[in-house]
Every structure is written in structure tokens, then in C-alpha cells.
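Colleague: What follows is a single structure, and I will ask about it in a moment.
The values are calculated or read from the model by the stated rules, or taken from the named source; none is laboratory data. What you are looking at is a predicted structure, and each value in this text was computed from that prediction instead of being measured. Heads up, the Cβs are rebuilt from the backbone with ideal geometry, glycines too, and the neighbour counts pull from every protein chain shown. Each accessible area value is taken on the protein alone, full model and side chains, heavy atoms only, with ligands, DNA and RNA left out. Shrake-Rupley method; radii C 1.70, N 1.55, O 1.52, S 1.80 Å.
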Amino acid sequence: KAVATALTIILFILIFSGNITALATTSREVFAFSRDKGFPFSKWLGKIHQKRSIPSNAVYASAFFSAVLCVINIGSTIAFDIIVSLTMLALLSTYMLPIGCICLKRIRGEPLPPARWSLGRYALAINSFAFLYCTFAAVFSCFPGSLPVGTSNANWAPAVWAGVILFSVASFFLHGNRHYTAPVVFVEGKKI
């Protein structure tokens, strides 16, 4: 019992620490995207607390939506499994997009922007392997958890992922297209 308790405490500390950094990262991204007017309610989400110099509203919003996602597990483990699969699918697809673009530029022989370090002559092979691995993992994250598959145990993550993509595209055309200012506009030498 003592060893199990000690290991549980270590695991709890690691999870707690990871959650703090994840919340800090998420709220910073929400703030940065709101600062560029990419979200609805960007004015509220993009505010910085004067005394603490942190994006308090973005932290509160991120924490609230994280709590709502955690509560889903109480009502339905299937919904929680869908969220986990959806997270994996979304993460892998966000890796695949830039890796695929880099592979395409390398195959076409187009120059890449200067970087501090390079993968050297193995870059195309490493990037291609990473892209194929992400594709493989993304396909398997869409599989159901058990057989036979019915509506109650199907993995709905691909459908939800497609819905999120459609919602994001609609949000861009309805809101972001008119309000969003890409950060590249502020980069020196790229000012419009």
C-alpha cells in the first residue's frame, strides 16, 4: 500500500504540473489568436490584466472549457473516449499539415526559410517518415474500441473532427475573414 500510495502521489504531481503548463500554453494561444481578432469575443479574450500582466480572461475561458470537457466523463465514458480520439486526430492532423508542406517544398526543390539548424541530407527521409507515421496513427485513432460496432460504441471522432473543420471554415468566412489580422503583417519587411 505504501509503494502504491507513493507512486500515485508522484503521478498526481506530474499530472498536476502538466495541467498547469497545458493551461498556460492554451490560454496564451487563445490570447494571441484573440489579439489578432481571430475569435468571436476577441476584445474580451485578448485583454491583459494590468497588475499581473497575464491574459486573465483567456485563462478563465480555457479553464472553464477544460472543466466542461472533464465533466463529460461523468455522464458518458463513450463521449470521453470520443474526445480522447478527437484530440489525437486533431493533434496528428496539425502535425501532418506543416510536415506535408515541408516535404512538398523539398520534393519540388524550393528553398526553405533560413533556420538555426537543419536535418541535413536526411531531411526529406525524416520528414517523409514523420508524415507517414502521423498518417498511420491518425487512421488507427479513428478505429472503434470494441467489436461488434454499433451506434453506441462507434468511434465518432472522425465525424466530430470533420464537423469542427467545417465549423472553423464557416467561422473564418463569417467572422475571421473580416476581422482577423495575420501575424505576418506585423513582421518587419512584410508590413502592408
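Colleague: Tell me, what is the FRET efficiency for residue 137 and residue 43 to the nearest 0.05, using R0 = 35 angstrom and their Cβ-Cβ distance as r?
Modeller: Values: r = 38 Å, r/R0 = 1.10.
Plugging the Cβ-Cβ distance into 1/(1 + (r/R0)^6) gives 0.35.
Colleague: Calculate, for the range 47-192, the solvent-accessible area per residue in square angstrom, rolling a 1.4 angstrom probe over the heavy atoms of the protein chains.
Modeller: Numbers: 11030 Å² over 146 residues.
That works out to 76 Å² per residue.
Colleague: Distance from the Cα centre of the range 42-84 to that of the range 88-142, in angstrom?
Modeller: Cα centroid to Cα centroid, the span is 30 Å.
Colleague: Grab the other residues whose beta carbon is less than 14 angstrom from that of residue 175, score K and R as +1, D and E as -1, and report the net.
Modeller: On the way: positive: 37, 43, 178; negative: 36.
Result for the local shell: +2.
Colleague: For the chain, what number of Lys pairs, 8 or more residues apart or on separate chains, have alpha-carbon atoms under 24 Å from each other?
Modeller: Within the chain, the lysine pair count is 7.
Colleague: Kindly give Rg over Rh for the range 45-86, based on alpha-carbon atoms, with the Kirkwood expression for the hydrodynamic radius. Please report the intermediate quantities before stating the final value.
Modeller: Numbers: Rg = 14.4 Å, Rh = 11.8 Å.
When Rh is taken as the Kirkwood radius, the ratio is 1.22.
Colleague: Hey, another quick one. Which semi-axis lengths, in whole Å and largest first, follow from the square roots of five times the eigenvalues of the Cα gyration tensor of the range 1-71? Show your work: numbers first, answer last.
Modeller: Numbers: eigenvalues 208, 31, 15 Å².
Each semi-axis is √(5λ); the values are 32, 13, 9 Å.
Colleague: Still on this structure, please answer the following. For Rg and Dmax of the Cα atoms in Å, one of (1) 15.2, 49; (2) 19.7, 74; (3) 20.7, 65 was computed from the structure I shared and the rest are decoys. Which label?
Modeller: Correct label, based on the coordinates given: (3).
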